[in-house]
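Enquirer: Pasting a structure here, questions to come.
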Amino acid sequence: MNGSGDAPDPVVPTGAKSVKDPYALLRNRDFVLYLVGRFIASFGQQMLVVVVGLEIWDRTHSKLYLGYVGLAQVLPMFLLTLPAGHVADNYNRKKVILWMQSVIGLACAGLTLISYFKADVGWMFACLFLMGTGRVYFWAASASFLPQLVSRPEFPRAVTWITGSFQISAVLGPVAGAALYACMDSAVWVYALNVAAVAACLVLVGLVRAHHKVASPEKMSFANVIAGLKFVYHKKVVLGSITLDLFAVLLGGATALLPVYADEILHVGKNGVGWLRAALPLGSLLMSLILVHRPPLQRAGRTLLWSVAGFGLATIGFGYSRWFWLSFAMLFICGLTDYISVVVRHTLVQLLTPDEMRGRVSAVNSLFIGTSNEMGEFESGLVAHWTNPLFAVVSGGVGTIVVVGVVAILWPEIRRYGRLDA
């Protein structure tokens, strides 16, 4: 744990009692400030994500344009993720987080003006590209900053709290965003509220006393930038878990088609989109409550494989459903199973990586998982455009299950991996 100036290091309980108490982390000042700041920013982002899709669908009625939403955000990941990891390892991570949140806020302000003046939709994609750029650097810095706030034994539970708070925002954000959009018949208010959420996040994270001190800064070079890739390649458990999530999310990215399902298949309107969006994080929220009150997973590898297989099965069920509540239930199960894989993967990536490499390895993780999220949306929109939404969703679920089998065979280390906090 590193202090800043004359400020004392944040007090972090390290005994066995603090590890067993699921609420001990809430007595860590820096962690709480960071947790609340990220929750507020995430709440705004979740409102924005659903409303961007709704506004573009209402203005264009193009399935392909829905796919472009993901593409506009994934391009910065391909271009900048590895340099972002180098920045996170060689500059103050807290300052990187603050600057990148400012960039995201600027993009949200741009969306506000574009929506208000009914400017060309192409400008929305430009703002999404800028937002994606900020998120690339933010993800690398924030993921590697968390170990500065808590002790190693507490880290799995800290991940559960962080991801659990995200799931709460992901439950409330889409519903609130869709409801506000339907009520006001405009996306302007949602984008403006997101600007305010970013500002609140900047204040709270700015109050965090812990800082990342770079022991020995390295110059930007090709060898240093790709060091994270080399580390992941040689760490088979990390490589296998990242690969599993990459293809599962890439193939199972049905969320881009929720406006289509709500409008043309389930006939539930804009508010229905918000509830369908909320189903996944609701499932994840339930699983977070379960995991935060139980000891670390004892057979983390097998649990990871079974959870991703369950995600694939639930995706297939959603694809075939024509009843709203069955569709909601299938997405809820997707959230339950996806949450397990997120916690296992993120914990493995951080605990098996030395601190001086965490930024670059986190960047590699973001490159694979972040791009798979956005490319999954693009893939779903593209396949639905060429065929139909049913084929796009069901084929993705089947592909996810196939990937689980392949990963289990190629990386037996995952099947044998035991305690998550070992």
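Enquirer: Restricting the first residue to segment 221-235 and requiring it to be free of Cβ contacts under 8 Å to residues at least 12 places away in the same chain and within 13 Å of Phe368 (Cβ to Cβ), which pairs with a second residue that is open to solvent by less than 60 Å² (accessible area, probe 1.4 Å) and part of a helix (DSSP H, G or I) meet a Cβ separation below 9 Å and a spacing of at least six or different chains?
Expert: Tyr233/Leu239
Enquirer: Would you confirm whether or not segment 135-143 contains a residue that is in contact with a helix residue (DSSP H, G or I) (Cβ under 9 Å, 6 or more places away or on another chain) and outside any helix (DSSP H, G or I)? Don't jump to the end; show me each part of the working.
Expert: Keep residues of segment 135-143 that are in contact with a helix residue (DSSP H, G or I) (Cβ under 9 Å, 6 or more places away or on another chain), which gives 135-143.
If we keep only those that are outside any helix (DSSP H, G or I) too, we end up with none.
No - not one qualifying residue is present in segment 135-143.
Enquirer: Find the residue count for segment 115-142, including only residues that are farther than 19 Å from Leu80 by Cα, open to solvent by 20 Å² or more (accessible area, probe 1.4 Å) and out of contact with any Leu (no Cβ under 9 Å at 6 or more places or on another chain). Step through it out loud before you land on a result.
Expert: Filtering segment 115-142 for residues farther than 19 Å from Leu80 by Cα gives 115-124.
Now restrict to residues that are open to solvent by 20 Å² or more (accessible area, probe 1.4 Å): 116-120, 122-123.
Now drop any that are not out of contact with any Leu (no Cβ under 9 Å at 6 or more places or on another chain), which leaves 116-118, 120, 122.
Selection size over segment 115-142: 5.
Enquirer: Of all residues in segment 250-277, which are among the aliphatic types (A, V, I, L, M) and part of a helix (DSSP H, G or I)? Give the derivation first.
Expert: Start the filter on segment 250-277 by keeping residues that are among the aliphatic types (A, V, I, L, M), which leaves 250-251, 254, 256-258, 260, 262, 265-266, 268, 273, 276.
Correct list: Leu250, Leu251, Ala254, Ala256, Leu257, Leu258, Val260, Ala262, Ile265, Val273, Leu276.
Enquirer: Do any residues in segment 254-280 that are of a type in the set (Ser, Thr, Tyr) have Cβ atoms under 8 Å from those of residues that are modelled with pLDDT of 80 or more, where the two are at least six apart or on different chains, and which pairs are they?
Expert: Thr255/Leu280; Tyr261/Leu276; Tyr261/Ser327; Tyr261/Pro389
Enquirer: Follow-up. What is the one condition in (1) assigned to a loop (DSSP other than H, G, I, E, B); (2) under 18 Å from the mean Cα position of the chain (by Cα) that Pro296 does not satisfy?
Expert: For Pro296, the failing item is (2).
Enquirer: How many residues are open to solvent by less than 30 Å² (accessible area, probe 1.4 Å) and farther than 16 Å from Val49 by Cβ when one looks only at segment 189-200?
Expert: Of the residues in that region, 0 qualify.
Residue-wise test of (1) at pLDDT 80 or above; (2) open to solvent by 40 Å² or more (accessible area, probe 1.4 Å); (3) farther than 30 Å from Pro22 by Cα.
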{"position": "Leu280", "(1), (2), (3)": "yes, no, no"}
{"position": "Ser284", "(1), (2), (3)": "yes, no, no"}
{"position": "Met287", "(1), (2), (3)": "yes, no, no"}
{"position": "Leu291", "(1), (2), (3)": "yes, no, no"}
{"position": "Arg294", "(1), (2), (3)": "no, yes, no"}
{"position": "Thr303", "(1), (2), (3)": "yes, yes, no"}
{"position": "Ala309", "(1), (2), (3)": "yes, no, no"}
{"position": "Gly312", "(1), (2), (3)": "yes, no, yes"}
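Enquirer: To continue, here is another question. Taking Val232 as meeting all but one of (1) open to solvent by 10 Å² or more (accessible area, probe 1.4 Å); (2) over 27 Å from Ala392 (Cα atoms); (3) in contact with a helix residue (DSSP H, G or I) (Cβ under 7 Å, 6 or more places away or on another chain), write down the number of the exception.
Expert: So Val232 meets the others, but not (1).
Enquirer: So, restricting to helices (runs of 4 or more DSSP H) that lie completely within segment 305-422, which ones have at least 1 residues that are under 19 Å from Ala143 (Cα atoms) and within 23 Å of the chain's Cα centre (by Cα)?
Expert: On the way: elements: 324-351, 358-386, 389-410, 412-416.
Hits in segment 305-422: 324-351, 358-386.
Enquirer: Here is a further query. Of all residues being of a type in the set (Val, Ile, Thr) and open to solvent by 10 Å² or more (accessible area, probe 1.4 Å) in segment 372-399, which is modelled with the highest pLDDT? Just the residue, please. It would help to see each step written out before you state the result.
Expert: Filtering segment 372-399 down to residues of a type in the set (Val, Ile, Thr) leaves 383, 387, 393-394, 398.
Now narrow it down to the ones that are open to solvent by 10 Å² or more (accessible area, probe 1.4 Å): 383, 387, 394, 398.
Numbers: Val383: 82, Thr387: 83, Val394: 87, Val398: 90.
Per the stated criteria, the residue is Val398.
Enquirer: I'm trying to understand the selection: among the residues of segment 56-90, which are open to solvent by 50 Å² or more (accessible area, probe 1.4 Å), free of Cβ contacts under 8 Å to residues at least 12 places away in the same chain and either basic (Lys, Arg) or outside any helix (DSSP H, G or I) (or both)?
Expert: The answer is His61, and nothing else.
Enquirer: Quick one: would you say Ser115 is closer than 23 Å to Tyr34 by Cα, among the hydroxyl-bearing types (Ser, Thr, Tyr) and either part of a helix (DSSP H, G or I) or in contact with a helix residue (DSSP H, G or I) (Cβ under 6 Å, 6 or more places away or on another chain) (or both)? Step through it out loud before you land on a result.
Expert: On the way: closer than 23 Å to Tyr34 by Cα: no; among the hydroxyl-bearing types (Ser, Thr, Tyr): yes; either part of a helix (DSSP H, G or I) or in contact with a helix residue (DSSP H, G or I) (Cβ under 6 Å, 6 or more places away or on another chain) (or both): yes.
When the stated conditions are applied, Ser115 does not pass them.
The values are calculated or read from the model by the stated rules, or taken from the named source; none is laboratory data. Note that the structure is a prediction, hence the values are computed from the model and not measured. Because the Cβ atoms are built from the backbone with ideal geometry, glycine has one as well, and the counts that use them run over all protein chains shown. The protein model used for the area step is the full one, side chains on, heavy atoms only, and it has no ligands, DNA or RNA in it. Shrake-Rupley method; radii C 1.70, N 1.55, O 1.52, S 1.80 Å.
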